[in-house]
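For reference, the structure discussed in these notes is given below.
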Amino acid sequence: MSVALVFSLLDYAGVFFFAFSGGMIAARKSLDPFGAVIVGAAAGMGGGTLRDILLGALPVYWVNAPEYLAIAAAGAIVGYYGSALLTSGTGARRAALAWADAVGLSVFCVLGAQAGLLAGAHWSIAILTGVMTAAFGGLLRDVLVNDVPLVLREEIYALAGLAGAAAYVFGHMFALPGGPLAIAAAFLAFAIRAAAMRFNWTLPSIGKLD
Amino acid sequence: MSVALVFSLLDYAGVFFFAFSGGMIAARKSLDPFGAVIVGAAAGMGGGTLRDILLGALPVYWVNAPEYLAIAAAGAIVGYYGSALLTSGTGARRAALAWADAVGLSVFCVLGAQAGLLAGAHWSIAILTGVMTAAFGGLLRDVLVNDVPLVLREEIYALAGLAGAAAYVFGHMFALPGGPLAIAAAFLAFAIRAAAMRFNWTLPSIGKLD
Amino acid sequence: MSVALVFSLLDYAGVFFFAFSGGMIAARKSLDPFGAVIVGAAAGMGGGTLRDILLGALPVYWVNAPEYLAIAAAGAIVGYYGSALLTSGTGARRAALAWADAVGLSVFCVLGAQAGLLAGAHWSIAILTGVMTAAFGGLLRDVLVNDVPLVLREEIYALAGLAGAAAYVFGHMFALPGGPLAIAAAFLAFAIRAAAMRFNWTLPSIGKLD
């Protein structure tokens, strides 16, 4: 499998799973199917759009690649109607949403870091563009439906994206081969996020002040 | 009337009416006049700003065309002080806001689709830029004052913008003359939105899940 | 001190103090330290990022200047842990946040106006880019933690930024020397904001309508 193909497949997967999470949350909020596509497209395409704007890669990637809109719409619709099939209740639906979100997060932190490196940014900035690409779609999704964003509620979230982005950036410094490196870095982010979800890991915060 | 003049007049009308809706909502939320201008300018100029950013037409259009800021400020002030004159009560004010919003939506879905086509985007993407241009100003307005966005509350809203954008894009494929086509497509969007408001049309949504 | 140095120091100060305000609000909302850095970086770097996007100065400034991320992270961490040291209670913490925010506002209204003039914008637009640069970081900070934005709650806020931006733009028209002019304009904005905070100045708003 060529490196370019690996990156394309990761990208499509990220768009689909984030859009799926958007469709699920739209169902939870009783939006109509069209609203589900809006929220799903924002979730799936928001991160890469922000990345392209910040780095000046305009027009943004999906303007000349309409397949992304189709993938996002498909993911949103599957998530929207699929959530009604999860008859085991709220817990199962919330878990499915969180797992789909974790896949998108893991993939996009790597793709965002790669885009930063390609644009010639400093390693710390490439990690930042990775985290922003990974977190922004979900942030937009949650703000649109008026939820407190998962990235601020969940303590090991941006941190998982940061780990994936940093692994990719440092692996790149050591000239590791791009395709396997990207997959390994995405798996690292996913493993951290999954462990945090499974074992309820948290970071120490200072106590309540007000 | 030249085609360019038609598009300019539609654009000015969209900015004015969206800014008017922003001024009205600022009055409802008891903001001061300066806050009304902020919300009005965000509503009137937000959609076109997002369109220009996504398509890479930078600096954004109003940087070199200060008349847009003047039109937005005027619309916001008229909406802000005008809302106090609607002494027939809350219902009349909400209706005036929704009708002004519908005018902006109808005009901007066409202008956004046209900008997408001019940038060489695929027809499906030109429709998307139309819907985003139409919906983003109102979305920004509602998020700023902490309301659930009209585009997510109202079921036939983005859909009306989609119809107007699609009509423009398909008419353009058949080489229909630009000025009349733009006006007809905007009227189509307005008619759908008006009928949805008048007759309380809704889309089927899946039931409450949680 | 050279003019370029004055502008750099103002810029660093604005990033630091806005990030400090973001760290303090993150502590109030019981976010973890990593969330504090996210909110702080959004507050400190959001305004300049929007300015660069609107004016087309891409990639945005911090992509090739990683020191800004370091300054923002430092400001956020100091604000986050510092807020626990203000044992005199909620009032002292809210005041510290508001004063840090006022410093950022005062500095960024001038830097945003200068960027608008450099891009060749009309004087009214340079004032607008000044106000937007000054207000957007704090807006993003407040939206992220789900507060009503200070810029919409506080009546003499955007107005203070407007005064600073206008003073810079008009001073520039009269060819006043850049460094002292920037400092004087920032002080004007700060003095207005400080007086409004100290004496609870408000603007007349129309009464409650709904």
(Q) Given Cβ point charges of +1 (Lys, Arg) and -1 (Asp, Glu) and nothing else, what value in debye, to the nearest 20, does the dipole of the stretch B:125-210 about its Cα centre take? (A) 160
Q. How many nm separate the modelled label positions at C:Ala70 and B:Leu85, each set 7 Å beyond the Cα in the direction of the Cβ?
A. 5.9
Q.
Output needed for the protein assembly as shown: three equivalent-ellipsoid semi-axes, defined as square roots of 5 times the C-alpha gyration tensor eigenvalues, in descending order, whole Å.
A. 33, 33, 25
Q.
Taking the number of other C-beta atoms within 10 Å as the exposure measure, put A:Ser124, C:Ser83 in order starting with the fewest.
A. A:Ser124, C:Ser83
Q. What is the calculated FRET efficiency for C:Ala184 to B:Asp147, with r their C-beta to C-beta distance and R₀ = 25 Å, to the nearest 0.05?
A. 0.05
Q: Please report the base-10 log of the normalised intensity I(q)/I(0) for chain C, using a Debye sum with one equal scatterer per alpha carbon and no solvent, at each q in 0.17 (1/Å).
A: -1.12
Q | Peptide B:26-32, shielding by other chains (average Cβ, 10 Å cutoff) | A | 6
Q. With a 10 Å Cβ neighbour count serving as the proxy for reagent exposure, in which order, fewest first, do C:Phe16, C:Phe34 appear?
A. C:Phe34, C:Phe16
Q: Report, in deg cm²/dmol and to the nearest 500, the calculated mean residue ellipticity at 222 nm for chain A, where each DSSP H run with n ≥ 4 adds -39500 (n - 2.57) and the sum is divided by the residue count.
A: -26500 deg cm²/dmol
Q. With θ set to phi - 60° and the Karplus curve 6.51 cos²θ - 1.76 cosθ + 1.60, what are the ³J(HN,Hα) couplings of the stretch B:122-139 in order, to the nearest whole Hz, using x for Gly and Pro?
A. 4, 4, 5, 6, 5, 5, 4, 5, x, 5, 5, 4, 5, 8, 6, x, x, 4
Q | Per-residue ³J(HN,Hα) for the stretch C:165-178, Karplus 6.51 cos²θ - 1.76 cosθ + 1.60, θ = phi - 60°, Hz, x for Gly and Pro | A | 5, 5, 4, 5, 5, 6, x, 5, 4, 8, 6, 5, x, x
(Q) Please arrange A:Thr129, B:Thr202 by how many other C-beta atoms lie within 10 Å of their C-beta, fewest to most. (A) B:Thr202, A:Thr129
Q) Rounded, prolate or oblate: which one fits the stretch B:21-78, using the alpha carbon gyration tensor with axes a ≥ b ≥ c (rounded when a/c is under 1.5, else prolate when a/b beats b/c, else oblate)? A) prolate
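Counting only other chains, what is the mean number of Cβ atoms within 10 angstrom of the Cβ of each residue in peptide C:46-55?
Mean shielding count: 3.
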Q. Whole-Hz Karplus ³J(HN,Hα) for the stretch C:56-68, in order, using 6.51 cos²θ - 1.76 cosθ + 1.60 and θ = phi - 60°, x for Gly and Pro?
A. x, 8, 10, x, 4, 4, 7, 5, 9, 9, x, 4, 5
(Q) Positive end of the dipole of the stretch C:3-199, charges at C-beta (+1 Lys, Arg; -1 Asp, Glu), about the Cα centre: which of C:Ser106, C:Thr49, C:Ala126 has its Cα farthest in that direction? (A) C:Ser106
Q: Report, as an integer, the average count of C-beta atoms from other chains found within 10 Å of each Cβ along B:151-163.
A: 3
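So which chymotrypsin sites (Phe, Trp or Tyr not before Pro) in the stretch A:101-183 pass both tests, a DSSP loop state and at most 15 other Cβ atoms within 10 Å of the Cβ? All intermediate terms of the calculation are to be shown ahead of the outcome.
Numbers: sites: A:Phe108, A:Trp123, A:Phe136, A:Tyr157, A:Tyr168, A:Phe170, A:Phe174; in loops: A:Tyr157, A:Phe174.
Filter output for the stretch A:101-183: A:Phe174.
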Q: Please report the relative contact order for the stretch B:3-199, taking Cα pairs under 8 Å with a sequence separation of at least 6, and give it as a percent rounded to a whole number.
A: 25
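Only the coordinates and a few stated rules stand behind these numbers; no lab work does. All figures in this text were calculated on a predicted structure; none of them were measured in a lab. So basically every Cβ, Gly included, is an ideal-geometry build from the backbone, and we count neighbours across all protein chains shown.
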